[in-house]
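The values are calculated or read from the model by the stated rules, or taken from the named source; none is laboratory data. Predicted, not measured: the structure shown is a model, and the values here were computed from it. A quick note on method: Cβ atoms are made from the backbone with ideal geometry, for glycine too, and the neighbour counts reach across all protein chains shown.
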Amino acid sequence: MPSTGFSSRPSAGSPLTWLYVPADRPDRVAKALGGEADMVVVDLEDAVAPENKGTARAATVALLSTPQPRVEIRVNDVRTPYGQADLHALGTLLHGSGGLRVPKVESADEVRWIADAVPGVPLRPIVESALGLERAFEIATASPAVAGIGLGEADLRADLGVTGEAGLAWARSRIVVAARAAGLPAPAQSVYPNVRDLDGLAASCAEGRVMGFRGRAAIHPIQLPVIAAAYRPTREEIVAALEVVSAADQGAVALADGRFVDEAVVRQARSILTDAGDH
């Protein structure tokens, strides 16, 4: 029986928290790797000014000289010289990492090209435009190398001209459906940009969990405990799931309170218990 006690970090292979860190700040990368993030995203793209791209790339090469399974690398847009230089420099070094986070993906062909360029490396395409969103399922199924997909909401907001949260509801559901239809893990939420608004972050995570997301990327370590707490199964959920699984194992079709115990309900309960076992 899974314990109802929690630790702060899920087991390897089931991350809830990703922390973006600028690739040109090795000191921050080292600090992040000693922290609570399940996966550290070393960012060569948005977090690095153009004049520092070369320095960031060299620092990332040095970092990956030893295996870094808790590190995901976000390269620059591979359609740009920066992104092509990233792939060329990192190459086989990526095999010791948690994989490659690929921004601004808009087609399955792009995914397949990257998979051929870095064979055997897990890829996480990030959809950040209306065109990419329309092709989300094609992107998710483009290659066996795709380990997950996600949204880049800042760029997507700009592309869609969206000014409020309601305008992203369909896009968020679309990426969840595309991921699950492709047999991929539930996607993580995009970053919450207001670092100081932890209550808002918690509320946003709760909404994301209801929508089918699992976990979230962060831009500051202070956000990590809030994200982890929001996405852990609650004690009440664990107890309820145990009741469902126990009833199913005994051949019951309903619980004492009248809840049906059909296949879908049991599958959901087992998923909750798997998540609880990861904590």
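Quick rundown of the values:
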quantity: Residue in the stretch 2-13 that is among the β-branched types (Val, Ile, Thr), at pLDDT below 95 and over 21 Å from the mean Cα position of the chain (by Cα) present; calculated: yes
quantity: Hits in the stretch 109-124 - residues which are in a helix (DSSP H, G or I) and farther than 18 Å from Pro187 by Cα; calculated: Asp109, Glu110, Arg112, Trp113, Ile114, Ala115, Asp116, Ala117
quantity: Filter result for the condition that a residue is of a type in the set (Lys, Arg), in contact (Cβ under 8 Å) with a residue 24 or more places away in the chain and either touching a Leu at 6+ places or on another chain (Cβ under 7 Å) or not assigned by TED's automatic domain parsing to the domain that holds Arg70 (or both), over Arg180, Arg216, Arg174; calculated: Arg174
quantity: Residues (of a type in the set (D, E, K, R) and not in a helix (DSSP H, G or I)) located in the stretch 125-174; calculated: Glu128, Arg135
quantity: Residues located in the stretch 55-75, provided they are in contact with a Lys or Arg (Cβ under 9 Å, 6 or more places away or on another chain) and either closer than 14 Å to Leu123 by Cα or not assigned by TED's automatic domain parsing to the domain that holds Val102 (or both); calculated: Glu72, Ile73, Arg74, Val75
quantity: Hey, Ala169 of a type outside the set (Val, Ile, Thr), surrounded by fewer than 20 Cβ atoms within 10 Å (Cβ to Cβ) and farther than 18 Å from Ala217 by Cβ or not; calculated: yes
quantity: Matching option when the condition is on the phi < 0 side of the Ramachandran plot and not in a helix (DSSP H, G or I), among Leu100, Leu93; calculated: Leu100
quantity: Val41 out of contact with any Pro (no Cβ under 6 Å at 6 or more places or on another chain) and under 19 Å from Ala154 (Cα atoms); calculated: yes
quantity: Yes/no for Ala240 being in contact with a helix residue (DSSP H, G or I) (Cβ under 8 Å, 6 or more places away or on another chain), in a helix (DSSP H, G or I), surrounded by fewer than 22 Cβ atoms within 10 Å (Cβ to Cβ) and modelled with pLDDT of 95 or more; calculated: no
quantity: First in the stretch 37-54 and within 14 Å of Leu90 (Cβ to Cβ) and assigned by TED's automatic domain parsing to the domain that holds Leu87, second anywhere and buried (at least 24 other Cβ atoms within 10 Å of the Cβ) and of a type in the set (Ser, Thr, Tyr), Cβ under 6 Å, 6 or more apart; calculated: Val42/Thr60
quantity: Hey, Ala30 modelled with pLDDT of 95 or more, exposed (fewer than 15 other Cβ atoms within 10 Å of the Cβ) and over 24 Å from Ala182 (Cα atoms) or not; calculated: yes
quantity: Condition check for Val118: buried (at least 24 other Cβ atoms within 10 Å of the Cβ), over 15 Å from Arg180 (Cα atoms) and without any contact (Cβ under 8 Å) to a residue 40 or more places away in the chain; calculated: no
quantity: Residue list for the stretch 68-85, restricted to those being under 16 Å from Ala32 (Cα atoms) and in a loop (DSSP other than H, G, I, E, B); calculated: none
quantity: Hits in the stretch 186-213 - residues which are assigned to a loop (DSSP other than H, G, I, E, B) and either among the hydrophobic types (A, V, I, L, M, F, W, C) or outside the structural domain of Ala147 (by TED's automatic domain parsing) (or both); calculated: Ala186, Ala188, Val191, Val195, Phe213
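Results for (1) hydrophobic (A, V, I, L, M, F, W, C); (2) assigned by TED's automatic domain parsing to the domain that holds Gly215; (3) modelled with pLDDT of 95 or more, shown as yes or no for each residue.
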site	(1), (2), (3)
Gly83	no, yes, yes
His95	no, yes, no
Arg101	no, yes, yes
Ala130	yes, yes, yes
